[in-house]
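Report on one structure; see the data block that follows.
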(Lines give C-alpha, C1' and ligand atoms only; values in the text may rest on other atoms or scores of the structure.)
Protein backbone atom coordinates (compact mmCIF):
# COMPACT_ATOMS: atom_id res chain seq x y z
CA UNK A 1 0.00 0.00 0.00
CA UNK A 2 3.00 2.30 -0.44
CA UNK A 3 4.91 3.74 -3.39
CA UNK A 4 6.54 1.09 -5.61
CA UNK A 5 9.87 -0.17 -4.30
CA UNK A 6 11.72 1.13 -7.37
CA UNK A 7 9.94 4.51 -7.47
CA UNK A 8 12.07 7.28 -8.99
CA UNK A 9 12.33 10.18 -6.53
CA UNK A 10 14.35 13.11 -7.84
CA UNK A 11 14.24 16.61 -9.24
CA UNK A 12 14.07 18.53 -12.52
CA UNK A 13 15.80 21.48 -14.22
CA UNK A 14 16.33 22.96 -17.70
CA UNK A 15 19.60 23.99 -19.31
CA UNK A 16 18.58 27.54 -20.23
CA UNK A 17 17.40 28.24 -16.68
CA UNK A 18 20.42 27.03 -14.70
CA UNK A 19 23.52 26.42 -16.84
CA UNK A 20 24.73 29.89 -17.78
CA UNK A 21 27.98 29.78 -19.77
CA UNK A 22 25.91 31.01 -22.68
CA UNK A 23 28.90 31.61 -24.97
CA UNK A 24 31.28 29.03 -23.55
CA UNK A 25 32.27 25.71 -25.02
CA UNK A 26 31.17 26.63 -28.54
CA UNK A 27 27.54 27.21 -27.56
CA UNK A 28 25.32 29.21 -29.92
CA UNK A 29 22.49 31.60 -29.12
CA UNK A 30 19.11 30.14 -28.20
CA UNK A 31 15.78 31.94 -28.11
CA UNK A 32 15.98 32.05 -24.32
CA UNK A 33 19.27 33.97 -24.59
CA UNK A 34 17.55 36.98 -26.18
CA UNK A 35 15.04 37.36 -23.32
CA UNK A 36 15.67 40.00 -20.67
CA UNK A 37 14.91 39.68 -16.99
CA UNK A 38 11.39 40.34 -15.74
CA UNK A 39 9.24 40.00 -12.64
CA UNK A 40 5.78 39.08 -11.43
CA UNK A 41 4.57 42.59 -12.31
CA UNK A 42 6.76 43.46 -15.31
CA UNK A 43 7.07 41.18 -18.34
CA UNK A 44 10.46 40.09 -19.58
CA UNK A 45 11.19 41.28 -23.14
CA UNK A 46 12.28 39.64 -26.38
CA UNK A 47 15.23 41.49 -27.97
CA UNK A 48 16.44 39.94 -31.25
CA UNK A 49 19.35 42.41 -31.06
CA UNK A 50 20.96 42.23 -27.62
CA UNK A 51 20.98 45.52 -25.73
CA UNK A 52 24.13 46.74 -24.06
CA UNK A 53 23.66 47.22 -20.33
CA UNK A 54 20.51 45.05 -20.17
CA UNK A 55 20.35 42.05 -17.84
CA UNK A 56 19.81 38.68 -19.54
CA UNK A 57 19.37 36.09 -16.76
CA UNK A 58 20.06 32.99 -18.89
CA UNK A 59 23.55 34.21 -19.79
CA UNK A 60 24.86 33.26 -16.35
CA UNK A 61 21.76 31.75 -14.72
CA UNK A 62 23.08 29.96 -11.58
CA UNK A 63 26.39 28.96 -13.20
CA UNK A 64 25.60 25.23 -13.19
CA UNK A 65 27.87 24.95 -16.25
CA UNK A 66 30.85 25.35 -13.93
CA UNK A 67 29.27 23.91 -10.77
CA UNK A 68 27.39 20.82 -11.95
CA UNK A 69 29.54 18.46 -9.88
CA UNK A 70 28.75 20.38 -6.70
CA UNK A 71 25.05 20.46 -7.58
CA UNK A 72 24.77 16.77 -8.45
CA UNK A 73 26.58 15.90 -5.21
CA UNK A 74 23.87 17.84 -3.36
CA UNK A 75 21.19 15.94 -5.29
CA UNK A 76 22.90 12.69 -4.30
CA UNK A 77 22.98 13.82 -0.68
CA UNK A 78 19.20 14.13 -0.81
CA UNK A 79 19.07 10.60 -2.21
CA UNK A 80 17.88 11.34 -5.76
CA UNK A 81 17.09 8.27 -7.82
CA UNK A 82 16.46 10.33 -10.98
CA UNK A 83 17.56 13.71 -12.29
CA UNK A 84 15.61 15.21 -15.15
CA UNK A 85 17.61 17.81 -17.06
CA UNK A 86 17.78 19.09 -20.62
CA UNK A 87 20.47 19.27 -23.25
CA UNK A 88 20.87 22.72 -24.79
CA UNK A 89 20.45 22.15 -28.53
CA UNK A 90 22.79 25.10 -29.17
CA UNK A 91 25.62 23.43 -27.25
CA UNK A 92 25.52 20.57 -29.74
CA UNK A 93 24.57 22.51 -32.89
CA UNK A 94 25.20 26.24 -32.27
CA UNK A 95 22.94 27.45 -35.09
CA UNK A 96 20.81 24.33 -35.17
CA UNK A 97 21.55 23.30 -38.76
CA UNK A 98 25.26 22.42 -38.84
CA UNK A 99 26.30 19.14 -40.45
CA UNK A 100 28.68 18.21 -37.63
CA UNK A 101 28.13 18.56 -33.86
CA UNK A 102 30.16 20.62 -31.42
CA UNK A 103 32.39 18.12 -29.66
CA UNK A 104 32.94 20.31 -26.60
CA UNK A 105 29.21 20.43 -25.96
CA UNK A 106 28.89 16.66 -26.24
CA UNK A 107 31.73 16.17 -23.78
CA UNK A 108 30.08 18.49 -21.28
CA UNK A 109 26.89 16.43 -21.20
CA UNK A 110 28.87 13.20 -21.08
CA UNK A 111 30.47 14.52 -17.90
CA UNK A 112 27.07 15.47 -16.44
CA UNK A 113 25.72 11.99 -17.19
CA UNK A 114 28.78 10.28 -15.74
CA UNK A 115 28.47 12.39 -12.59
CA UNK A 116 24.87 11.21 -12.22
CA UNK A 117 25.84 7.58 -12.79
CA UNK A 118 28.59 7.86 -10.19
CA UNK A 119 25.89 8.39 -7.56
CA UNK A 120 23.42 5.90 -9.01
CA UNK A 121 21.13 8.65 -10.31
CA UNK A 122 19.13 7.78 -13.44
CA UNK A 123 19.18 10.62 -16.00
CA UNK A 124 15.96 11.61 -17.75
CA UNK A 125 16.88 13.95 -20.57
CA UNK A 126 14.62 16.51 -22.26
CA UNK A 127 15.82 17.00 -25.82
CA UNK A 128 14.21 20.40 -26.42
CA UNK A 129 13.24 22.46 -23.38
CA UNK A 130 12.28 26.04 -24.29
CA UNK A 131 15.60 26.81 -26.01
CA UNK A 132 15.25 26.52 -29.79
CA UNK A 133 18.38 27.75 -31.64
CA UNK A 134 17.86 31.39 -32.55
CA UNK A 135 19.70 30.67 -35.78
CA UNK A 136 16.74 28.58 -36.94
CA UNK A 137 14.30 31.30 -35.92
CA UNK A 138 16.18 33.78 -38.07
CA UNK A 139 16.62 31.32 -40.95
CA UNK A 140 13.04 30.13 -41.46
CA UNK A 141 11.01 31.09 -38.35
CA UNK A 142 11.78 27.85 -36.60
CA UNK A 143 9.07 25.16 -36.44
CA UNK A 144 6.84 26.88 -39.01
CA UNK A 145 9.18 25.31 -41.57
CA UNK A 146 9.14 21.57 -42.21
CA UNK A 147 12.91 21.56 -42.77
CA UNK A 148 13.37 21.97 -39.02
CA UNK A 149 12.35 18.31 -38.60
CA UNK A 150 15.58 17.16 -40.24
CA UNK A 151 17.64 19.49 -38.04
CA UNK A 152 15.98 18.08 -34.93
CA UNK A 153 16.49 14.48 -36.06
CA UNK A 154 20.15 15.13 -36.81
CA UNK A 155 20.49 16.49 -33.28
CA UNK A 156 18.66 13.46 -31.86
CA UNK A 157 20.78 11.02 -33.84
CA UNK A 158 23.97 12.52 -32.42
CA UNK A 159 22.89 12.49 -28.77
CA UNK A 160 21.14 9.10 -28.98
CA UNK A 161 24.29 7.57 -30.43
CA UNK A 162 26.61 9.26 -27.96
CA UNK A 163 24.51 8.32 -24.91
CA UNK A 164 23.83 4.70 -25.84
CA UNK A 165 24.08 2.49 -22.78
CA UNK A 166 24.28 5.48 -20.42
CA UNK A 167 20.75 6.90 -20.56
CA UNK A 168 17.38 5.15 -20.66
CA UNK A 169 14.70 7.85 -20.48
CA UNK A 170 14.20 10.66 -23.01
CA UNK A 171 11.54 13.36 -23.50
CA UNK A 172 11.21 14.90 -26.96
CA UNK A 173 9.71 18.33 -26.17
CA UNK A 174 9.02 20.07 -22.89
CA UNK A 175 5.39 21.05 -22.28
CA UNK A 176 4.55 20.67 -25.96
CA UNK A 177 0.94 21.69 -25.41
CA UNK A 178 2.08 25.17 -24.34
CA UNK A 179 2.13 25.82 -28.10
CA UNK A 180 -1.68 25.67 -28.13
CA UNK A 181 -1.50 29.06 -26.36
CA UNK A 182 -0.17 32.36 -27.77
CA UNK A 183 2.74 32.52 -25.30
CA UNK A 184 3.97 29.08 -26.37
CA UNK A 185 4.67 30.19 -29.92
CA UNK A 186 8.01 31.73 -28.98
CA UNK A 187 8.64 30.04 -25.63
CA UNK A 188 8.19 26.50 -26.94
CA UNK A 189 8.59 26.74 -30.70
CA UNK A 190 10.95 29.66 -31.26
CA UNK A 191 8.41 31.23 -33.63
CA UNK A 192 8.87 34.99 -33.80
CA UNK A 193 6.15 36.84 -35.69
CA UNK A 194 6.09 40.57 -36.37
CA UNK A 195 7.10 42.36 -33.19
CA UNK A 196 4.55 44.99 -32.22
CA UNK A 197 5.42 44.72 -28.56
CA UNK A 198 8.66 43.27 -27.24
CA UNK A 199 6.97 42.17 -24.02
CA UNK A 200 7.08 38.40 -23.72
CA UNK A 201 3.41 38.32 -22.71
CA UNK A 202 2.26 40.56 -25.59
CA UNK A 203 3.71 38.91 -28.66
CA UNK A 204 2.05 39.13 -32.05
CA UNK A 205 0.20 35.83 -32.32
CA UNK A 206 -0.42 33.72 -35.41
CA UNK A 207 -2.42 30.56 -34.57
CA UNK A 208 -1.84 29.18 -38.06
CA UNK A 209 1.91 29.28 -37.47
CA UNK A 210 1.64 27.72 -34.01
CA UNK A 211 -0.50 24.78 -35.05
CA UNK A 212 1.44 24.14 -38.25
CA UNK A 213 4.55 24.23 -36.09
CA UNK A 214 2.95 21.70 -33.75
CA UNK A 215 2.30 19.39 -36.69
CA UNK A 216 6.00 19.51 -37.55
CA UNK A 217 6.86 18.85 -33.90
CA UNK A 218 4.49 15.86 -33.82
CA UNK A 219 6.29 14.41 -36.84
CA UNK A 220 9.69 15.15 -35.31
CA UNK A 221 8.65 13.44 -32.07
CA UNK A 222 7.32 10.33 -33.83
CA UNK A 223 10.44 10.02 -35.96
CA UNK A 224 12.65 10.56 -32.90
CA UNK A 225 10.88 7.72 -31.07
CA UNK A 226 11.50 5.40 -34.02
CA UNK A 227 15.12 6.52 -34.31
CA UNK A 228 15.76 6.04 -30.58
CA UNK A 229 14.44 2.47 -30.66
CA UNK A 230 16.63 1.69 -33.68
CA UNK A 231 19.79 3.06 -32.04
CA UNK A 232 19.17 1.43 -28.65
CA UNK A 233 16.19 -0.89 -28.03
CA UNK A 234 16.53 -0.08 -24.31
CA UNK A 235 15.66 3.57 -24.90
CA UNK A 236 12.27 4.73 -23.61
CA UNK A 237 10.94 7.97 -25.11
CA UNK A 238 8.13 9.98 -23.54
CA UNK A 239 6.06 13.08 -24.15
CA UNK A 240 5.84 15.96 -21.70
CA UNK A 241 2.74 18.10 -21.26
CA UNK A 242 1.43 20.84 -19.00
CA UNK A 243 -1.39 19.23 -17.06
CA UNK A 244 -3.59 22.31 -16.87
CA UNK A 245 -6.27 20.73 -14.72
CA UNK A 246 -9.59 22.54 -14.95
CA UNK A 247 -13.11 22.17 -13.64
CA UNK A 248 -16.42 23.64 -14.77
CA UNK A 249 -17.01 26.69 -12.58
CA UNK A 250 -20.60 25.67 -11.91
CA UNK A 251 -22.79 22.65 -12.61
CA UNK A 252 -24.44 24.54 -15.46
CA UNK A 253 -24.15 22.34 -18.57
CA UNK A 254 -22.72 25.31 -20.46
CA UNK A 255 -19.81 25.54 -18.02
CA UNK A 256 -19.16 21.82 -18.21
CA UNK A 257 -19.13 21.92 -22.00
CA UNK A 258 -16.81 24.94 -21.99
CA UNK A 259 -14.48 23.04 -19.68
CA UNK A 260 -14.53 19.94 -21.89
CA UNK A 261 -13.70 22.00 -24.96
CA UNK A 262 -10.82 23.74 -23.15
CA UNK A 263 -9.51 20.37 -21.97
CA UNK A 264 -9.66 18.94 -25.47
CA UNK A 265 -7.34 21.58 -26.89
CA UNK A 266 -5.13 22.36 -23.91
CA UNK A 267 -4.73 19.04 -22.12
CA UNK A 268 -5.47 16.28 -24.60
CA UNK A 269 -4.75 17.33 -28.18
CA UNK A 270 -0.95 17.05 -28.08
CA UNK A 271 -0.84 13.95 -25.90
CA UNK A 272 -3.56 12.26 -27.99
CA UNK A 273 -1.34 12.65 -31.05
CA UNK A 274 1.86 11.62 -29.26
CA UNK A 275 0.35 8.71 -27.31
CA UNK A 276 -2.17 7.41 -29.86
CA UNK A 277 -0.37 8.26 -33.09
CA UNK A 278 -3.17 10.18 -34.79
CA UNK A 279 -5.12 13.41 -34.70
CA UNK A 280 -8.29 13.28 -32.55
CA UNK A 281 -11.62 14.01 -34.20
CA UNK A 282 -12.54 16.98 -32.01
CA UNK A 283 -9.59 19.08 -33.17
CA UNK A 284 -10.88 19.45 -36.74
CA UNK A 285 -13.89 21.47 -35.59
CA UNK A 286 -11.55 23.70 -33.55
CA UNK A 287 -9.34 24.21 -36.62
CA UNK A 288 -12.33 25.05 -38.78
CA UNK A 289 -13.79 27.55 -36.33
CA UNK A 290 -10.40 29.25 -35.94
CA UNK A 291 -9.48 29.27 -39.64
CA UNK A 292 -6.48 26.98 -39.17
CA UNK A 293 -5.44 24.77 -42.07
CA UNK A 294 -2.77 22.15 -41.42
CA UNK A 295 -0.65 21.25 -44.40
CA UNK A 296 0.15 17.53 -44.37
CA UNK A 297 2.23 15.45 -46.72
CA UNK A 298 0.83 12.06 -47.87
CA UNK A 299 3.11 10.09 -45.52
CA UNK A 300 2.42 12.13 -42.38
CA UNK A 301 -0.38 9.98 -40.97
CA UNK A 302 1.82 6.89 -41.34
CA UNK A 303 4.71 8.65 -39.60
CA UNK A 304 2.53 9.61 -36.64
CA UNK A 305 1.08 6.10 -36.40
CA UNK A 306 4.59 4.65 -36.34
CA UNK A 307 5.93 6.71 -33.43
CA UNK A 308 3.72 6.78 -30.32
CA UNK A 309 5.67 7.53 -27.15
CA UNK A 310 6.48 4.84 -24.59
CA UNK A 311 5.37 6.79 -21.52
CA UNK A 312 3.66 9.99 -20.47
CA UNK A 313 5.04 12.80 -18.31
CA UNK A 314 3.60 16.10 -17.18
CA UNK A 315 4.07 19.19 -15.11
CA UNK A 316 1.42 19.92 -12.49
CA UNK A 317 1.34 23.11 -10.43
CA UNK A 318 -2.23 24.32 -10.16
CA UNK A 319 -5.80 24.04 -11.38
CA UNK A 320 -8.30 26.54 -12.76
CA UNK A 321 -12.00 26.75 -13.56
CA UNK A 322 -13.70 27.31 -16.90
CA UNK A 323 -17.00 29.00 -17.58
CA UNK A 324 -19.14 29.97 -20.53
CA UNK A 325 -19.83 33.34 -18.86
CA UNK A 326 -17.94 36.00 -20.87
CA UNK A 327 -18.15 38.42 -17.94
CA UNK A 328 -16.27 36.13 -15.52
CA UNK A 329 -12.99 37.53 -14.26
CA UNK A 330 -9.93 35.62 -15.46
CA UNK A 331 -7.24 34.60 -13.00
CA UNK A 332 -3.48 34.71 -13.01
CA UNK A 333 -1.60 31.66 -14.19
CA UNK A 334 1.27 30.40 -16.28
CA UNK A 335 0.01 30.16 -19.86
CA UNK A 336 -3.36 28.67 -19.00
CA UNK A 337 -5.47 31.57 -17.69
CA UNK A 338 -8.89 30.42 -16.49
CA UNK A 339 -11.21 31.60 -13.71
CA UNK A 340 -10.23 31.40 -10.02
CA UNK A 341 -11.68 28.56 -7.98
CA UNK A 342 -13.44 30.03 -4.91
CA UNK A 343 -12.54 26.94 -2.85
CA UNK A 344 -8.76 27.19 -3.29
CA UNK A 345 -5.94 29.36 -1.98
CA UNK A 346 -3.24 30.72 -4.28
CA UNK A 347 0.51 31.27 -4.26
CA UNK A 348 2.17 34.69 -4.41
CA UNK A 349 2.02 34.43 -8.21
CA UNK A 350 -1.70 33.66 -8.26
CA UNK A 351 -1.33 29.94 -8.93
CA UNK A 352 -4.14 28.10 -7.15
CA UNK A 353 -2.97 25.25 -4.92
CA UNK A 354 -4.92 22.04 -5.53
CA UNK A 355 -3.28 18.78 -4.36
CA UNK A 356 -6.44 16.74 -5.00
CA UNK A 357 -6.34 17.98 -8.58
CA UNK A 358 -3.13 16.00 -9.06
CA UNK A 359 -4.83 12.76 -8.04
CA UNK A 360 -7.78 13.60 -10.28
CA UNK A 361 -5.48 14.34 -13.24
CA UNK A 362 -3.34 11.23 -12.83
CA UNK A 363 -6.46 9.09 -12.93
CA UNK A 364 -7.68 10.88 -16.05
CA UNK A 365 -4.32 10.41 -17.80
CA UNK A 366 -4.07 6.73 -16.85
CA UNK A 367 -7.62 5.97 -17.90
CA UNK A 368 -7.05 7.67 -21.26
CA UNK A 369 -3.68 6.23 -22.26
CA UNK A 370 -2.75 3.24 -20.08
CA UNK A 371 0.92 4.22 -20.31
CA UNK A 372 3.41 4.60 -17.43
CA UNK A 373 3.32 8.11 -15.94
CA UNK A 374 5.96 10.36 -14.37
CA UNK A 375 5.21 13.69 -12.67
CA UNK A 376 8.32 15.52 -13.84
CA UNK A 377 7.47 19.01 -12.61
CA UNK A 378 5.63 20.11 -9.48
CA UNK A 379 6.45 22.70 -6.86
CA UNK A 380 5.81 26.02 -5.22
CA UNK A 381 7.39 29.22 -6.45
CA UNK A 382 7.91 31.48 -3.44
CA UNK A 383 9.95 34.40 -2.12
CA UNK A 384 12.41 32.60 0.13
CA UNK A 385 14.30 34.56 2.78
CA UNK A 386 17.58 33.76 4.51
CA UNK A 387 17.07 34.15 8.26
CA UNK A 388 19.60 35.77 10.57
CA UNK A 389 21.02 32.36 11.46
CA UNK A 390 21.63 31.60 7.77
CA UNK A 391 18.73 29.16 7.38
CA UNK A 392 15.93 29.17 4.82
CA UNK A 393 12.80 28.00 6.62
CA UNK A 394 10.47 27.12 3.74
CA UNK A 395 7.74 25.27 5.62
CA UNK A 396 5.21 26.53 3.04
CA UNK A 397 7.07 24.54 0.36
CA UNK A 398 7.23 21.46 2.55
CA UNK A 399 3.49 21.68 3.14
CA UNK A 400 2.77 22.07 -0.58
CA UNK A 401 4.94 19.12 -1.57
CA UNK A 402 3.68 16.92 1.27
CA UNK A 403 0.07 17.39 0.20
CA UNK A 404 0.85 16.63 -3.45
CA UNK A 405 2.89 13.52 -2.63
CA UNK A 406 0.04 12.19 -0.48
CA UNK A 407 -2.34 12.67 -3.41
CA UNK A 408 0.08 10.92 -5.76
CA UNK A 409 -0.03 7.97 -3.38
CA UNK A 410 -3.82 8.05 -3.50
CA UNK A 411 -3.56 7.82 -7.28
CA UNK A 412 -1.26 4.80 -6.96
CA UNK A 413 -3.89 3.16 -4.75
CA UNK A 414 -6.44 4.01 -7.44
CA UNK A 415 -4.43 1.84 -9.82
CA UNK A 416 -2.41 4.48 -11.66
CA UNK A 417 0.96 3.23 -12.94
CA UNK A 418 3.03 6.11 -11.52
CA UNK A 419 6.78 5.55 -11.91
CA UNK A 420 8.47 8.70 -10.61
CA UNK A 421 8.35 12.22 -9.20
CA UNK A 422 10.88 14.95 -10.02
CA UNK A 423 9.84 18.29 -8.45
CA UNK A 424 10.66 21.37 -10.50
CA UNK A 425 13.65 23.55 -9.84
CA UNK A 426 15.18 21.22 -7.26
CA UNK A 427 17.82 23.94 -7.08
CA UNK A 428 16.83 27.61 -7.45
CA UNK A 429 16.95 28.76 -11.06
CA UNK A 430 15.59 31.40 -13.46
CA UNK A 431 11.82 31.35 -13.99
CA UNK A 432 10.86 30.52 -17.58
CA UNK A 433 7.67 32.57 -17.55
CA UNK A 434 8.83 35.70 -15.74
CA UNK A 435 12.62 35.65 -16.13
CA UNK A 436 13.35 36.19 -12.44
CA UNK A 437 15.22 34.52 -9.60
CA UNK A 438 12.82 35.81 -6.92
CA UNK A 439 10.35 33.05 -7.80
CA UNK A 440 12.24 30.22 -6.12
CA UNK A 441 11.33 26.53 -6.19
CA UNK A 442 14.43 24.74 -5.01
CA UNK A 443 15.50 22.62 -2.08
CA UNK A 444 18.81 24.45 -2.50
CA UNK A 445 19.06 28.24 -2.20
CA UNK A 446 21.36 29.94 -4.70
CA UNK A 447 22.85 33.35 -3.90
CA UNK A 448 21.75 34.97 -7.14
CA UNK A 449 19.38 37.92 -7.43
CA UNK A 450 17.40 39.78 -10.06
CA UNK A 451 19.79 42.71 -10.22
CA UNK A 452 22.57 40.35 -11.31
CA UNK A 453 24.30 40.30 -7.93
CA UNK A 454 25.20 37.28 -5.84
CA UNK A 455 28.15 34.92 -5.52
CA UNK A 456 26.28 31.79 -6.70
CA UNK A 457 26.94 30.01 -3.41
CA UNK A 458 24.58 27.19 -2.45
CA UNK A 459 22.87 26.49 0.88
CA UNK A 460 20.45 23.77 1.92
CA UNK A 461 16.90 24.89 2.76
CA UNK A 462 14.77 23.18 5.41
CA UNK A 463 12.95 21.42 2.56
CA UNK A 464 16.28 19.82 1.56
CA UNK A 465 16.39 17.77 4.74
CA UNK A 466 12.66 17.07 4.64
CA UNK A 467 12.82 15.71 1.07
CA UNK A 468 15.87 13.65 1.96
CA UNK A 469 13.80 11.92 4.67
CA UNK A 470 10.88 11.39 2.26
CA UNK A 471 13.14 9.67 -0.26
CA UNK A 472 14.85 7.53 2.39
CA UNK A 473 11.43 6.35 3.60
CA UNK A 474 10.03 5.96 0.06
CA UNK A 475 7.27 8.30 1.18
CA UNK A 476 6.17 6.05 4.05
CA UNK A 477 6.83 8.77 6.63
CA UNK A 478 4.11 10.91 5.01
CA UNK A 479 1.58 8.13 4.70
CA UNK A 480 1.77 6.83 8.25
CA UNK A 481 2.37 10.00 10.22
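So, residue 213, is that one modelled with pLDDT of 95 or more, touching a helix residue (DSSP H, G or I) at 6+ places or on another chain (Cβ under 8 Å), on the phi > 0 side of the Ramachandran plot and surrounded by 20 or more Cβ atoms within 10 Å (Cβ to Cβ) or not?
Working: modelled with pLDDT of 95 or more: yes; touching a helix residue (DSSP H, G or I) at 6+ places or on another chain (Cβ under 8 Å): yes; on the phi > 0 side of the Ramachandran plot: no; surrounded by 20 or more Cβ atoms within 10 Å (Cβ to Cβ): yes.
Against the criterion (modelled with pLDDT of 95 or more, touching a helix residue (DSSP H, G or I) at 6+ places or on another chain (Cβ under 8 Å), on the phi > 0 side of the Ramachandran plot and surrounded by 20 or more Cβ atoms within 10 Å (Cβ to Cβ)), residue 213 does not qualify.
Before we move on, is residue 274 without any contact (Cβ under 8 Å) to a residue 40 or more places away in the chain and either buried (at least 20 other Cβ atoms within 10 Å of the Cβ) or more than 22 Å from the chain's Cα centre (by Cα) (or both)?
Values: without any contact (Cβ under 8 Å) to a residue 40 or more places away in the chain: no; either buried (at least 20 other Cβ atoms within 10 Å of the Cβ) or more than 22 Å from the chain's Cα centre (by Cα) (or both): yes.
It is false that residue 274 is without any contact (Cβ under 8 Å) to a residue 40 or more places away in the chain and either buried (at least 20 other Cβ atoms within 10 Å of the Cβ) or more than 22 Å from the chain's Cα centre (by Cα) (or both).
Give just the number: which of (1) surrounded by 17 or more Cβ atoms within 10 Å (Cβ to Cβ); (2) over 18 Å from residue 218 (Cβ atoms) does residue 107 not satisfy?
With respect to (1) surrounded by 17 or more Cβ atoms within 10 Å (Cβ to Cβ); (2) over 18 Å from residue 218 (Cβ atoms), residue 107 is out only on (1).
Which one of the conditions (1) touching a strand residue (DSSP E or B) at 6+ places or on another chain (Cβ under 7 Å); (2) buried (at least 24 other Cβ atoms within 10 Å of the Cβ); (3) in a helix (DSSP H, G or I) does residue 463 fail to meet, given that it meets all the rest?
Evaluating residue 463 over (1) touching a strand residue (DSSP E or B) at 6+ places or on another chain (Cβ under 7 Å); (2) buried (at least 24 other Cβ atoms within 10 Å of the Cβ); (3) in a helix (DSSP H, G or I) leaves (1) as the failure.
Of the residues in region 113-135, how many are assigned to a helix (DSSP H, G or I) and under 21 Å from the mean Cα position of the chain (by Cα)? Reasoning before the result, please.
Here is the first cut: in region 113-135, the ones assigned to a helix (DSSP H, G or I) are 113-118, 134-135.
After this cut, where a residue has to be under 21 Å from the mean Cα position of the chain (by Cα) as well, the list is 113, 116, 134.
Of the residues in region 113-135, 3 are assigned to a helix (DSSP H, G or I) and under 21 Å from the mean Cα position of the chain (by Cα).
Regarding region 199-214, can at least one residue be identified that is outside any helix (DSSP H, G or I) and in contact with a strand residue (DSSP E or B) (Cβ under 8 Å, 6 or more places away or on another chain)?
Kept after step one, since they are outside any helix (DSSP H, G or I), are these residues of region 199-214: 199, 203-206.
From the residues that got through so far, the ones that are in contact with a strand residue (DSSP E or B) (Cβ under 8 Å, 6 or more places away or on another chain) too are 199, 203.
Within region 199-214, one or more residues are outside any helix (DSSP H, G or I) and in contact with a strand residue (DSSP E or B) (Cβ under 8 Å, 6 or more places away or on another chain).
In region 249-271, is there at least one residue being under 18 Å from residue 178 (Cα atoms) and part of a loop (DSSP other than H, G, I, E, B)?
no
Pairs, please: C-beta under 9 Å, at least 6 apart or cross-chain, first residue at positive phi and touching a residue at least 40 places away in the same chain (Cβ under 8 Å) and in region 226-244, second assigned to a strand (DSSP E or B) and surrounded by fewer than 24 Cβ atoms within 10 Å (Cβ to Cβ)?
No pair meets every condition.
Would you confirm whether any residue within region 240-247 is surrounded by fewer than 17 Cβ atoms within 10 Å (Cβ to Cβ) and at pLDDT 95 or above? Steps first, please.
Quick first cut of region 240-247, residues surrounded by fewer than 17 Cβ atoms within 10 Å (Cβ to Cβ) only: none.
Checked against the condition, which is being surrounded by fewer than 17 Cβ atoms within 10 Å (Cβ to Cβ) and at pLDDT 95 or above, region 240-247 yields no hits at all.
The values are calculated or read from the model by the stated rules, or taken from the named source; none is laboratory data. Computed from a predicted structure; not experimentally measured. Counting neighbours? That spans all protein chains shown, and the Cβs are built from the backbone with ideal geometry, glycine included.
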